[in-house]
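Please see the structure below; I have some questions.
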Amino acid sequence: MHIPLVAPAEQLDYHNAQSLTLPRAITALEAWNIAMRNPVPGMAAAMWLRDRISGLFGVTPIIGFSGTQRANVQRGDRLDFFLVEDITDQLLVLTARDRHLDVMTTVTTYDQILTITSSVITHNRFGRAYMLPVGLAHKVIVWWILRKLAAELSQK
């Protein structure tokens with residue numbers, strides 16, 4: 001399965017893909033809804049801090065994740081601060097773009113394998129500096145989300 005990236009792999013400033021075999025098959029949107037229903041502990045505080053610091057550099061606040069569950073999503077819709085660029089049962093492509101960086105997060109489900117792939121290109125020094133702590137934190141957050149999702153699906 002082809003996984004969309006925000007730019008060709010050799011042009012990326014950040015790339016992370018993590019996968020997990022799930023106890024049962026689900027759609028990409030179901031995976032998103034389950035993951036966002038109960039956010040990672042500390043995420044709201046991290047988003048608040050991100051907005052305060054980034055705001056000093058003219059970055060639009062993203063507020064964070066609302067936990068809103070969506071049954072139907074189409075191209076052009078928003079899932080919190082992400083723009084839905086593509087959606088099928090097996091694929092959810094989300095982007096956030098500004099003058100500092102372009103981010104693409106792709107959720108794929110194939111058979112019972114869930115993969116979350118994030119790719120970023122930075123446009124300036126602030127974008128590169130921003131990605132230093134965010135890149136490290138992102139890996140842990142995705143790991144946490146995948147484990148939590150598998151545990152939740154195992155209970156059903």
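Measuring from a point 7 Å past the Cα of residue 75 along Cα-to-C-beta, which residues in the range 101-139 have an amide N at less than 17 Å?
Residues 105-107 qualify, since their backbone N sits under 17 Å from the label point.
Describe numerically, in nm with one decimal, the distance between label points set 7 Å from Cα along Cα→Cβ at residue 37 and at residue 98.
It works out to 3.1 nm between the two label points.
Let me ask something else about it. Mind pulling the angle between the C-alpha long axis of helix 125-154 and the longest principal axis of the chain? Nearest 10 degrees, somewhere in 0 to 90.
Roughly 10 degrees, rounded to the nearest 10.
Then there is this: Give me 53, 87 ranked fewest to most by other Cβ atoms within 10 Å of their Cβ, as a rough exposure proxy.
Going from sparsest to densest Cβ surroundings: 53, 87.
How far apart, in nanometres, would the label points at residue 9 and residue 48 be if each is projected 7 angstrom from Cα along the Cα-to-Cβ direction?
Going by the 7 Å Cα→Cβ label model, 4.1 nm.
Using the Cα centre as the reference, give the magnitude of the dipole from point charges on the C-beta atoms of the chain (Lys, Arg: +1; Asp, Glu: -1; all else neutral), rounded to the nearest 20 debye.
Dipole size: approximately 440 debye.
Oh, and also: Taking the 0 to 90 degree range and rounding to the nearest ten, how far is the long axis of helix 43-55 tilted relative to the main principal axis of the chain, both from C-alpha atoms?
Taking the Cα atoms of the chain, the angle to 43-55 is about 30 degrees.
Note down the relative contact order for the chain as a percent, whole number, built from C-alpha pairs under 8 angstrom at least six residues apart. Display every interim value, and only then the final one.
Working: 259 pairs, mean separation 51.1, N = 156.
Normalised by residue count, the contact order of the chain is 33 percent.
Which FRET efficiency value, to the nearest 0.05, do you get for residue 125 and residue 83 by plugging their Cβ-Cβ distance into 1/(1 + (r/R0)^6) with R0 = 25 Å?
Computed FRET efficiency for residue 125 and residue 83: 0.50.
Another question, if that's okay. Stick to the Cα atoms of the chain, pair each with every other, and give me the Kirkwood hydrodynamic radius in Å at one decimal.
Value: 16.1 Å, from the Cα pair sum.
Something else: At a 10 Å Cβ-Cβ cut-off, how would you order 48, 144, 32, fewest neighbours first?
Numbers: 48 13, 144 16, 32 25.
Least crowded to most crowded, the residues run 48, 144, 32.
Bear in mind that the values in this text are calculations on the coordinates, not laboratory data. This one's a predicted model, so the numbers in the text were calculated from it and none came from an experiment. So basically every Cβ, Gly included, is an ideal-geometry build from the backbone, and we count neighbours across all protein chains shown.
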